[in-house]
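Step one of this worksheet: look at the structure below.
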Amino acid sequence: MNTQTSHETELLLNTVRNFMEAEIYPHEDMVDRTGEVPEELGRQIEARAKEIGLFAANLPEDVGGGGLNYSEMAVIEREYGKTTHALHSWIARPTELLLACEGDQIERYLTPCVTGEKRELFALTEPEAGSDVMGMKSRAVRDGDDWILNGSKHFISGPCMPDFAIVFAATGMDETKRGPRKRVTAFLVDIGMPGFDCREGNKCVSYRGYKNFQLSFDNVRLGPGQVLGEEGRGLELAGKWLGMGRIWVGATCCGKAERLMGMATDWAANRKQFGKPIGTFQATGFRLADMAIGLRAADLLVADAVWRADEGRLEDADAAMVKVFCSEMLNKVADDTVQIYGGMGLMEELPIHRLWRDSRLERIWDGTSEIQRHIITRSILRPLGA
Ligand SMILES: Cc1cc2nc3c(=O)[nH]c(=O)nc-3n(C[C@H](O)[C@H](O)[C@H](O)COP(=O)(O)OP(=O)(O)OC[C@H]3O[C@@H](n4cnc5c(N)ncnc54)[C@H](O)[C@@H]3O)c2cc1C
């Protein structure tokens with residue numbers, strides 16, 4: 001693993017930082033206060049991101065993307081993590097699942113997502129199937145060459161109303177060594193199709209202004225061209241992307257922790273009680289020391305994971321370790337920052353309360369800490385047959 005930063009990476013970092021200063025940070029407080037990103041602001045971020053080449057930077061150049069590798073994307077995601085998802089998600093990083101598009105799917109779905117003409121949702125979670133993905137009730141049954149889709153999804157998030165959703169549904173059962181298992185297929189489902197309803201769901205107190213949608217499917221007829229990848233291989237298709245998603249969560253957690261730690265350090269050095277800076281009291285100073293240790297370790301875990309990903313040998317447990325460690329590190333940093341600020345940490349005038357609220361989600365989405373620990377445990381015990 002190489003932890004040295006190249007000249008190109010430094011340039012990339014400066015580009016992203018300048019972009020954030022100019023286009024993102026000035027709007028954070030307004031977005032949190034109002035719980036909305038005005039459409040024209042979102043479109044402006046989108047347009048500026050395209051001008052400087054940050055839009056779809058994650059996808060290969062041969063499909064029109066920026067062609068950055070995972071290590072470079074980690075640098076970007078870490079910077080984005082310093083702010084709110086509600087704003088940085090307008091700088092699209094379309095899901096790599098779309099690379100499975102074939103034939104006219106490329107023109108209908110992949111290319112428009114790369115150019116920003118279309119937005120997608122990744123729809124896996126259901127009201128009764130969150131951690132237990134296999135508990136999904138959404139199902140599609142064959143009708144001639146078509147499929148008829150029924151079911152619902154919730155907590156499906158994005159910056160704005162999408163153009164289509166990648167929907168996971170059971171299309172049968174497979175016999176496996178571990179018993180019967182649902183066959184899951186990914187479908188491309190356009191907004192506006194008869195029987196498909198997509199509406200805004202509950203408001204989340206983390207990343208206010210980042211929308212989540214409820215999807216319902218009532219006998220939605222899908223042609224054979226709506227299957228993404230192979231029938232019955234939906235979860236395998238999602239697997240690689242879910243793993244990288246967990247690493248991006250880790251990188252964003254490092255960015256947010258660095259920002260919080262900067263604020264905590266500043267306050268600890270300047271706020272005086274009993275005639276001394278509060279940072280000179282061991283109870284406060286040690287909090288800063290623990291933040292520094294946690295952040296360094298988290299950054300190294302992310303660097304190790306993206307290196308493995310670039311080498312093509314990332315395991316599920318690698319991504320799970322990153323997700324658990326970085327999100328829990330961030331939550332400790334956020335809570336300790338509030339403590340170091342005392343009462344001021346909870347006042348609306350400062351951004352601490354917002355970053356603290358935003359941090360909480362990181363232990364939940366993309367698979368909870370408990371589920372990540374299950375994945376890690378499985379990787380330890382399975383080789384022993386347990
Ligand atoms: C803001 C937001 C945006 C999201 N965006 C998307 C999206 O775009 N697409 C998408 O598909 N999903 C999305 N999700 C869903 C997210 O991935 C789920 O919320 C998450 O996986 C947890 O599922 P759940 O909320 O149903 O909790 P549950 O599965 O009900 O879990 C509740 C608690 O029980 C624990 N638990 C459950 N099973 C076990 C077990 N076997 N062992 C130990 N503990 C267990 C969990 O760890 C958790 O603490 C989003 C969620 C949120 C909040």
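Considering only protein heavy atoms and a 1.4 Å probe, what is the carbon-and-sulfur percentage of the accessible area of segment 21-86? Here it works out to 47 percent. Once the Cβ-Cβ distance of Gln4 and Glu51 is raised to the sixth power relative to R0 = 30 Å, the FRET efficiency obtained is 0.50. Once both axes come from the Cα atoms, what is the angle between helix 352-361 and the longest principal axis of the chain, in degrees from 0 to 90, rounded to 10? Helix 352-361 and the main axis of the chain meet at about 30 degrees. Between the alpha-carbon centres of segment 290-328 and segment 115-129 there is a gap of 26 Å.
Using θ = phi - 60° in the Karplus curve 6.51 cos²θ - 1.76 cosθ + 1.60, the 3J(HN,Hα) couplings for segment 87-96 round to 9, 6, 6, 6, 7, 4, 10, x, 4, 5 Hz; x is entered for Gly and Pro. Hey, how many Å between the Cα centroid of segment 192-236 and the Cα centroid of segment 16-32? Each part reduced to its Cα centre gives a spacing of 30 Å. Taking the longest Cα principal axis of the chain as reference, the axis of helix 7-19 is set at about 90 degrees.
Per-residue accessible area (protein heavy atoms, 1.4 Å probe) orders Arg373, Arg178 as Arg178, Arg373, starting from the largest. 3J(HN,Hα) along segment 311-316, derived from phi through the Karplus expression 6.51 cos²θ - 1.76 cosθ + 1.60 where θ = phi - 60°, amounts to 7, x, 9, 7, 9, 4 Hz, with x in place of Gly and Pro.
Do any of Lys82/Lys153; Lys182/Lys240; Lys153/Lys182 go past 22 Å between their Cα atoms, and which?
Lys82/Lys153
For segment 126-144, list residues with backbone N below 14 Å from a point placed 7 Å from the Cα of Asp174 toward its Cβ? Taking a point 7 Å out along Cα→Cβ of Asp174, the residues of segment 126-144 whose backbone N falls under 14 Å are 134.
For segment 334-386, the set of GluC sites (Glu not before Pro) satisfying both a DSSP loop assignment and a count of at most 13 other C-beta atoms within 10 Å is given as Glu348, Glu349. Scanning the chain for cysteines with no neighbouring cysteine C-beta under 4.7 angstrom from their C-beta gives Cys101, Cys113, Cys160, Cys198, Cys204, Cys254. Here Lys211 is the anchor, and the aspartates and glutamates within straight C-alpha reach of less than 12 Å, apart from those fewer than 8 places off in the same chain, are Glu36, Glu200.
Within the chain, the longest segment free of exposed loop sites, counting chymotrypsin sites (Phe, Trp or Tyr not before Pro) that fall outside DSSP classes H, G, I, E and B and have at most 15 other Cβ atoms within 10 Å, spans 1-273.
The values are calculated or read from the model by the stated rules, or taken from the named source; none is laboratory data. Being a predicted model, the structure only gives us computed values, none of them experimental. Methodologically, a virtual Cβ is constructed for each residue, glycine included, from the backbone with ideal geometry; neighbour enumeration extends over all protein chains shown. Keep in mind that these areas ignore ligands, DNA and RNA; they rest on the heavy atoms of the full protein, side chains included. Shrake-Rupley method; radii C 1.70, N 1.55, O 1.52, S 1.80 Å.
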